[in-house]
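J.: The structure is given below, and queries will be raised subsequently.
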Protein chains: 2
Amino acid sequence: MAEKKTRKYMLPEDQIPEAFYNLAADLPVALPPVLHPGTGMPIGPDDLAPLFPMALIAQEVSTEREIEIPEPVRDAYRMYRPSPLIRARGLERALDTPARIYYKYEGVSPAGSHKTNTAIAQAFYNREEGIRRLSTETGAGQWGSALAMACAFFGMVCEVYMVRVSYNQKPYRRGLMEAYGASVYPSPSDRTHAGREILADDPDSPGSLGIAISEAVEVAASQDDVKYSLGSVLNHVLLHQTVIGLEALKQFDMAEDYPDLIVGATGGGSNFSGMAFPFIGRMLRGEQDVNMLAVEPTACPTLTRGPYAYDYGDTARMTPLVKMHTLGHSFVPVGIHAGGLRYHGMAPMVSHLLQLGIIDAVAVQQLDTFSAGVQFARTEGIIPAPESNHAVAVAITEALRCKESGESRAILFNLSGHGHFDIQAYIDYHAGKLVNYQYPEEEIAMALAGLPTVNAVVGD
Amino acid sequence: MAEKKTRKYMLPEDQIPEAFYNLAADLPVALPPVLHPGTGMPIGPDDLAPLFPMALIAQEVSTEREIEIPEPVRDAYRMYRPSPLIRARGLERALDTPARIYYKYEGVSPAGSHKTNTAIAQAFYNREEGIRRLSTETGAGQWGSALAMACAFFGMVCEVYMVRVSYNQKPYRRGLMEAYGASVYPSPSDRTHAGREILADDPDSPGSLGIAISEAVEVAASQDDVKYSLGSVLNHVLLHQTVIGLEALKQFDMAEDYPDLIVGATGGGSNFSGMAFPFIGRMLRGEQDVNMLAVEPTACPTLTRGPYAYDYGDTARMTPLVKMHTLGHSFVPVGIHAGGLRYHGMAPMVSHLLQLGIIDAVAVQQLDTFSAGVQFARTEGIIPAPESNHAVAVAITEALRCKESGESRAILFNLSGHGHFDIQAYIDYHAGKLVNYQYPEEEIAMALAGLPTVNAVVGD
């Protein structure tokens, strides 16, 4: 009886994973190579050296199954990890479903989302190689906040290029980063060549993630003592997030249960991957099956409507070419509130899994995600980030499907962050100001027309 | 070695306390009686019945040491309790102090502060007695958010009168309450006699906590199916908060340590009491000594500069008279950012302890509290609520004193909430817009001149 009421499965600090899990070790087919934007040939570690420390470049291409987590990183994780695995008993009761709904809550991170898992690791590895300054970009602000906190922790300087429209609309996200000691600049800025060029054309440019990336990359590439840091997409970022799923595996042991379905919101892919990869690894090694569903907004339907093709990671075409599901690097998604999911591409590793049929993907409408988020807040207490609401919405749909069929499935999702800095979105939702969006075919086709010619060469 | 690195002391869910601790059972001298504002005679339970359910009135006057926590309340606590006890290793390192600094972190509550501990209990006891609607007031918004969440959890309607200036300045706090399903009205409102009277005089009135209390009390007193709910000051509110200290006692057992000094921010008194009372009880029962320091803002120096006298709880003189440290019910503190500490009085129980010499009190300046909060955020990750910064500031001062003397004291404070909804305060701090404040003697004397005549009668 007492056991039936358990809400949170908590692990002691010494159960923080000792190694990241690297899915590359268990993939049935290796990832396609990353190509040089100029030559179209596979790139090597040296091509990335101006931007990243060697330890992270090594992780990017590693096929070792376990990559040890350095003790200073584990020590910083102790600030908030292990995060709880929570049985959503309030939500289950409200839905009157036989489904067992679990969520891992990464909003316990002081910066408010799962992003600190990789921010701490990236800051550490850079610091180890003597780097004292990191540059990065941020849109919605979750990533910038996480890196600002991590840099404060390791005594590093953090320079954040924040999309100008967000810089103006979200002064509290900026205030948080500045409280952590970071310097935050509205992008486009006059601090970089890329920024000045944009401003010369349009002094009132609202900016974009693409421009901000260009500025942050330029700063790192042009200064010896600065490296660049990215909050999603890359293999090493996904790798760091696997602490989420590794902890969840132990917590399901405590609960004497196992998920039938894992649901995850996907923008760049690191949130979904962090939870799913350790479970996928078990499946690929023949240990235990699980279904996986990546959830994206209809306003940025990368996995569900974008082809699997080589494309640039940024609008300005400064990055290498990676094979991924993409809507084209020139695609600019409409301004939904889930800013963290507004990325034209998708992590190559996640794209690869979809291509191999190992995971499924679905797109959901904005209004459904907020309706789910409100129901979640009223039954579970936590008000989710708009990004996380995408997972909540699908978890609810699946739980209601269980109610219809009478099945008692275990559904797991990662509640990647809280919505404390996104309350305006909830206010707009309640005021009836939010809308749904479905791109017409022509619009998608137009964006895809700009895909690089390398795809013709290598046969896509 | 591994043990030395422990940051968080976590209790499993089944260690949520089974009973609240009632300090009244261990007090060497009983509290002075509460007086009827009309007759000046001690009031009885019936006088409070229009406002509160009988269970809470009974708790208000109980001298039983332990008051059982009903299972539905414990179940709701499982959403976020037990809260962690955290060793502030990052802060200790930065201060280079031999002191051991511990903080209990109540910001893990989904509503963001310790206020949910009593909100959940109050909602439950009201619901048990058939009440479906609660009215309350809120200033900074922490209390309103907590009660809104608790009402959502128990399927109740919540009506919040929010000081108009805060209603306009803090739309996100309001948005959070509305997401939980509460109705939030700017006070003064046209929904009550009290509100309409103020508006007739001054249509642009910015409101005050005193006015908002009058509105919320009027709604409860004038409608059979509505009760009133208060977030601090009263004995039963302090009682519910003792879950904080009770958990901390168990966590210090885990840490094989015991606090030499407990520091707590005091506004109405419930945060300080929640942590301190269980430790004070042990001291009063001769089990173990501890020093206790209540911290208040110089901008509202109730304990340090107010006399111990009978006074009203609200500006409009609708409440009973309680004996407390007070600056006079007409005192309006300057607009510091720690809105939760801007109350003219202090919990009778806390005032009584100061009077008996069981606790000490100190006032700190606003700039020192924010400087401490920023240092805390950069070393511990969490950005504290401005109220909590008062405790952080004194903990740092005491830790630096240890550094000077070479003493290794254990310092404990309750980090009552996070500052996610108070980032504007940090922005203002960094912009140099915040100031210190020290009231001239004449100003205090003027406010005190309005103390009720009952003090002359009973000899104060």
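The values are calculated or read from the model by the stated rules, or taken from the named source; none is laboratory data. Values in this document were obtained by computation on a predicted structure and should not be read as measured data. Glycine also receives a Cβ, built like all others from the backbone with ideal geometry; neighbour counts cover every protein chain displayed. These area figures cover heavy atoms from the full protein model, side chains too; ligands, DNA and RNA do not enter into them. Shrake-Rupley method; radii C 1.70, N 1.55, O 1.52, S 1.80 Å.
J.: Placing +1 on the Cβ of each Lys and Arg and -1 on the Cβ of each Asp and Glu in the protein assembly as shown, which of B:Met446, B:His430, B:His325 has its Cα farthest towards the positive end of the resulting dipole?
T.: B:His325
J.: Excluding A:Leu31 itself, calculate the net charge of residues whose Cβ lies under 14 Å from the Cβ of A:Leu31, where each Lys or Arg counts +1 and each Asp or Glu counts -1.
T.: Cβ neighbours under 14 Å give a net charge of -1.
J.: Still on this structure: For a Förster distance of 35 Å, can you work out the FRET efficiency between the beta-carbons of A:Val61 and A:Asp289, rounded to the nearest 0.05?
T.: 0.75
J.: If a cysteine in chain B has no other Cys Cβ under 4.7 Å from its own Cβ, put it on the list, ordered by number.
T.: B:Cys300, B:Cys402
J.: Here's a follow-up. Starting from the 7 Å offset along Cα-to-Cβ, what nm value, one decimal, do you get for the label separation of A:Arg317 and B:Tyr258?
T.: So the two model labels end up 7.3 nm from each other.
J.: Figure the gain on full extension for B:Ala25 and B:Lys5 (residue separation times 0.36 nm, minus the Cα-Cα span) and round it to one decimal in nm.
T.: 3.3 nm
J.: How many Å² of accessible area per residue for the stretch A:86-125, probe 1.4 Å?
T.: Dividing the accessible area of the stretch A:86-125 by its residue count gives 19 Å².
J.: In square nanometres, what is one fourth of the surface area of the convex hull spanned by the alpha carbons of the stretch A:100-255?
T.: Average projection, Cα convex hull of the stretch A:100-255: 10.3 nm².
J.: May I ask you to compute the full-extension gain from B:His193 to B:His430, defined as 0.36 nm times their residue separation minus their alpha-carbon distance, rounded to one decimal in nm?
T.: 81.1 nm
J.: Ballpark to the nearest 100 Å², how much total accessible area do A and B bury together, probe 1.4 Å?
T.: Approximately 3700 Å², summed over both chains.
J.: In addition: Hey, what's the per residue convex hull volume over the C-alpha atoms of the protein assembly as shown, in cubic angstrom?
T.: 166
J.: Another question, if that's okay. With the Cα gyration tensor of chain B in hand, give its eigenvalues times 5 under a square root as the equivalent ellipsoid semi-axes, listed largest first in whole angstrom.
T.: 32, 24, 23
J.: Looking at the protein assembly as shown, what % of its DSSP beta bridges pair antiparallel, to the nearest 5?
T.: The antiparallel fraction comes to roughly 35 percent.
J.: Under a Cβ-Cβ cut-off of 11 Å, what is the net charge of the residues other than B:Ser416 that fall near it, where Lys and Arg count +1 and Asp and Glu count -1?
T.: Local charge sum for B:Ser416: 0.
J.: Which Cα, out of B:Pro384, B:Cys402, B:Val219, lies furthest along the positive dipole direction of the protein assembly as shown (beta carbon charges, K/R +1, D/E -1)?
T.: Going by the Cα projections, it comes out as B:Cys402.
J.: Leaving out ligands, DNA and RNA, what percent of the accessible area of the protein assembly as shown is carbon and sulfur, probe 1.4 Å?
T.: 51
J.: May I pose another question? Could you rank B:Val108, B:Val392 by how accessible they are, 1.4 Å probe, largest area first?
T.: Solvent-accessible surface, decreasing: B:Val108, B:Val392.
J.: A further question follows. Put a dot 7 Å past each Cα toward the Cβ at B:Ala200 and B:Thr397; how far apart are the dots in nm?
T.: Using points 7 Å along Cα→Cβ, the separation is 4.7 nm.
J.: A further question follows. Where both partners of a DSSP beta bridge lie in chain B, what percent of those bridges are antiparallel, to the nearest 5?
T.: Among the beta bridges of chain B, antiparallel pairing accounts for roughly 35 percent.
J.: Count charges around B:Ala431 for me, please; just the other residues with Cβ under 14 Å from its Cβ, Lys/Arg as +1, Asp/Glu as -1.
T.: Net charge in that neighbourhood comes out at 0.
J.: Let me ask you something else. Considering the zone a paramagnetic label at A:Glu441 would reach in this model (a point 7 Å from Cα along the Cα-to-Cβ line), which residues of the stretch A:351-367 have amide N under 15 Å from it?
T.: Residues passing the 15 Å test: none.
J.: Next question. Starting from the 7 Å offset along Cα-to-Cβ, what nm value, one decimal, do you get for the label separation of A:Arg132 and A:Met54?
T.: Computed distance between label sites A:Arg132 and A:Met54 equals 2.2 nm.
J.: Efficiency by 1/(1 + (r/R0)^6): what FRET value for B:Ser222 and B:Asp46, r their Cβ-Cβ distance, R0 = 25 Å, to the nearest 0.05?
T.: 0.90
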